[in-house]
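For reference, the structure discussed in these notes is given below.
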Amino acid sequence: MSDYLLMAVGAILVNNILLAQYLGCCPFVGVSKQMDTAVGMTGGVVFVLTMAGLITWTIDAYLLRYFDLVYLRTIVFILVIASLVQFVETFLRKMIPPLYKGLGIFLPLITTNCAIFGVCIINVRKDFNFMETLVFSITSALGFGLALILMAGLRERMATARIPKILEGTAITMITAGFIALAFFGFVGMA
Amino acid sequence: MRDIIKMIVVLGLIAGVAGALLAGVRMGTMEKIEYQELKYVKGPVIMKILKGCTNNPIKDRFKLKYGEEEINFFPAVFDGKLDVVAFETTGGGFGGDIGIVMAVNLEKDTLTGIGITTHKETPGVGTLVKDSESFKNSVKGLSVNQPIKVKNDGGKVDAVTGATVTSRGVCEGATRGSEIYRKLKNDILAKAKDIK
Amino acid sequence: MDIAKEFTKGLWAEIPPFRFVLGLCPTLAVTKTVETGIGMGLMLTFVLVFSNILVSSLRKVIPPRVRIACFIVVIATFVVIVELVSQAYTYGLYQKLGIFIPLIVVNCIVLGRAEAFASKNGVVASIADGLGMGIGFTISLTVLAAIREVFGAGTFYGINVMGPSFEPFTFMVSAPGAFVCLGIILCIMNMFGKAKDM
């Protein structure tokens, strides 16, 4: 149990997928302008990453490794993720419209979110077992969400602040992200 | 309907061509990749236990079949004559298989060295064995004609304090390796006689 | 000349990722050293050029509804080729780049160029576009990596350039340093006109 807890702390705080491992920067810059879109994106990422992590792990363990096709991992994983996102989108639209309303527009963006693909690859490269995959996928997604929501809170304030003209847009976002990452450096040593 | 058929045909064709292309590239690079992996991942361990040899054991490696599995053998030349052969084996540890490389003297049938390539032991514990010189030294010179055991089990090897299970796993792997060596010795000599 | 224009726009007017802010993950992750920066840039150029060629030559036969799936298969194929070849010939680089080689698949630049350019233009123009964007990306990564490596480790391509008494400014090679450094470069680029926001 303590192993999983340590893994969770590591994935959320110490080795934050976004701030320490740089995965998922594009949506981080793209959807962190407002709090509600950030929360929506977080929901979508947690949902898809958990499913994608478990499905790709299962395929890797029982198909690719069994048939010695590990070199096709990249192509298989991306296709699985793309079809999973498509499937989730259709399913939510038909079966749970309120949830679709909240997450729907973020789902297509998730296909090319490196955080999803990256975590799926890390899961199999580190030889995690099924439980470890589950814990690592969920906590990585939560770590991504934490960074995204923190950033959105700051950017909402920045919208009303006077920022030097040349720093406007992505430049100030990157520098702010740098300072959040610096704050997260304080967690090094916890795991 | 025609649209759907076209969609499936195009997607299928692209996937088929992609698959064939990748299979081709894979075939073309397989041998090279295997060499690189041996050189970078296992190479340092192999070179350490074969220190002082005059040939390139990784380049001169050959494969032999042992039951179902294929095992890589790394022949090493000392003073102009083939003396030692190193090969991979596995032992059961605390957290899974431990990858072991062991070197055996072809003339005396004794172990000349042992190294650990991969392990999934608890961090800190597995490394204790991996880095323990006294453990590795106590293995040297043991005959491959009898099981290799730690002292607790009536053998001659000093188990690493705090890592008994791992030490036992390595010994078990070495014993298994000895069996492989005994069974394949004639094949090894036949294969390796040209290597200088 | 149109072709020349398609090529040169990737080098300055729309240079990724400074002007055309896409593909940030590898930009930040592999620019600790110049070697990995250039390596990643060249690998991306290869994938970009070949996926552009294939997508633009197949643009008339790919049905619009499954085009993204087709693009992804094409891109992923070339990424796997890069993965295998780099593993076979430049194993050290392969190990250093780690998961960022397979991650080229989800690099928005590649899919973005396939969708926005190659699926609408001819083969020659697409080659020029892919080559320009790829080289532009390589230049950007090299510049960023050079700044980070020189200040963060006192070396350039592994060679010591700052002399023995230099105290490395390790902030630059850490994660926060990557973000701040990119932010400052984007700010400098803003002086020459507005970046294309995402």
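The values are calculated or read from the model by the stated rules, or taken from the named source; none is laboratory data. This one's a predicted model, so the numbers in the text were calculated from it and none came from an experiment. Cβ coordinates were reconstructed from backbone atoms using ideal geometry, including for glycine residues, and neighbour counts include every protein chain displayed.
Here is a list: A:TYR100, A:TYR4. Which entry is touching an Asp or Glu at 6+ places or on another chain (Cβ under 9 Å), outside any loop (DSSP other than H, G, I, E, B) and under 26 Å from C:LEU111 (Cβ atoms)?
Details: A:TYR4 fails: under 26 Å from C:LEU111 (Cβ atoms).
Just one listed residue meets the conditions, A:TYR100.
Pairs are defined by a Cβ separation below 8 Å, a sequence spacing of at least 6 or placement on different chains, a first member in segment B:1-24 that is within 7 Å of chain C (Cβ to nearest Cβ) and modelled with pLDDT under 90, and a second member that is exposed (fewer than 13 other Cβ atoms within 10 Å of the Cβ) and not in a helix (DSSP H, G or I); the pairs so defined are B:VAL10/C:VAL61.
Scan segment B:60-78 for residues that are surrounded by fewer than 17 Cβ atoms within 10 Å (Cβ to Cβ) and free of Cβ contacts under 8 Å to residues at least 24 places away in the same chain and the total you get is 6. Per the conditions (1) hydroxyl-bearing (Ser, Thr, Tyr); (2) facing chain B (nearest Cβ under 10 Å); (3) in contact (Cβ under 8 Å) with a residue 40 or more places away in the chain, the sole criterion not satisfied by C:TYR89 is (3). Is at least one residue of segment C:35-52 touching a residue at least 24 places away in the same chain (Cβ under 8 Å), within 12 Å of chain B (Cβ to nearest Cβ), under 16 Å from the mean Cα position of the chain (by Cα) and surrounded by fewer than 20 Cβ atoms within 10 Å (Cβ to Cβ)? Looking through segment C:35-52, at least one residue is touching a residue at least 24 places away in the same chain (Cβ under 8 Å), within 12 Å of chain B (Cβ to nearest Cβ), under 16 Å from the mean Cα position of the chain (by Cα) and surrounded by fewer than 20 Cβ atoms within 10 Å (Cβ to Cβ).
For segment C:61-86, a residue qualifies if it is more than 8 Å from every other protein chain (Cβ to nearest Cβ) and modelled with pLDDT under 90, and the qualifying residues are C:PRO64, C:ARG67. Looking only at residues in segment A:1-41 that are more than 11 Å from A:LEU148 (Cβ to Cβ) and among the aromatic types (Phe, Trp, Tyr), the one that is nearest to the other protein chains (Cβ to nearest Cβ) is A:TYR22.
Evaluated against (1) buried (at least 22 other Cβ atoms within 10 Å of the Cβ); (2) away from chain C (no Cβ under 14 Å); (3) not in a helix (DSSP H, G or I), A:GLY44 falls short on exactly one condition, (3).
Can you say whether C:LEU111 is in a helix (DSSP H, G or I), within 14 Å of chain A (Cβ to nearest Cβ), closer than 16 Å to C:LYS32 by Cα and under 16 Å from the mean Cα position of the chain (by Cα), as far as the supplied structure shows? No. Take the conditions (1) in contact with a helix residue (DSSP H, G or I) (Cβ under 7 Å, 6 or more places away or on another chain); (2) surrounded by fewer than 21 Cβ atoms within 10 Å (Cβ to Cβ); (3) modelled with pLDDT of 90 or more; C:LEU58 misses just one of them, which is (1). Applying a threshold of 6 Å to beta carbon distances and a minimum spacing of six or more residues, or different chains, the list of pairs starting in segment A:167-183 at a residue that is more than 16 Å from A:ILE149 (Cα to Cα) and ending at one that is crowded, with 23+ Cβ neighbours inside 10 Å reads A:THR170/C:VAL21; A:THR170/C:LEU186; A:ALA171/C:LEU186. Identification of helices (runs of 4 or more DSSP H) wholly contained in segment B:103-196 with 3 or more residues that are of a type in the set (Lys, Arg) and within 17 Å of B:THR89 (Cα to Cα) yields B:164-192. Determine if segment B:88-101 includes at least one residue that is surrounded by fewer than 17 Cβ atoms within 10 Å (Cβ to Cβ) and among the charged types (D, E, K, R). Taking every residue of segment B:88-101 in turn, at least one turns out to be surrounded by fewer than 17 Cβ atoms within 10 Å (Cβ to Cβ) and among the charged types (D, E, K, R). Within segment A:129-166, being more than 20 Å from A:PRO27 (Cβ to Cβ) and in contact (Cβ under 8 Å) with a residue 12 or more places away in the chain holds for A:PHE130, A:MET131, A:GLU132, A:THR133, A:LEU134, A:VAL135. Any residue in segment C:155-169 that is away from chain A (no Cβ under 11 Å), of a type in the set (A, V, I, L, M, F, W, C) and in a helix (DSSP H, G or I)? Within segment C:155-169, not a single residue is away from chain A (no Cβ under 11 Å), of a type in the set (A, V, I, L, M, F, W, C) and in a helix (DSSP H, G or I). Report yes if C:ILE99 is more than 7 Å from every other protein chain (Cβ to nearest Cβ) and not hydroxyl-bearing (Ser, Thr, Tyr), otherwise no. Here the answer is no, as C:ILE99 does not meet what is asked.
Scanning segment A:90-120 for residues that are within 13 Å of chain C (Cβ to nearest Cβ) and over 13 Å from the mean Cα position of the chain (by Cα) gives a single hit, A:PRO108.
Among residues of segment A:151-191 being among the basic types (Lys, Arg) and assigned to a helix (DSSP H, G or I), the one that is farthest from the chain's Cα centre (by Cα) is A:LYS165.
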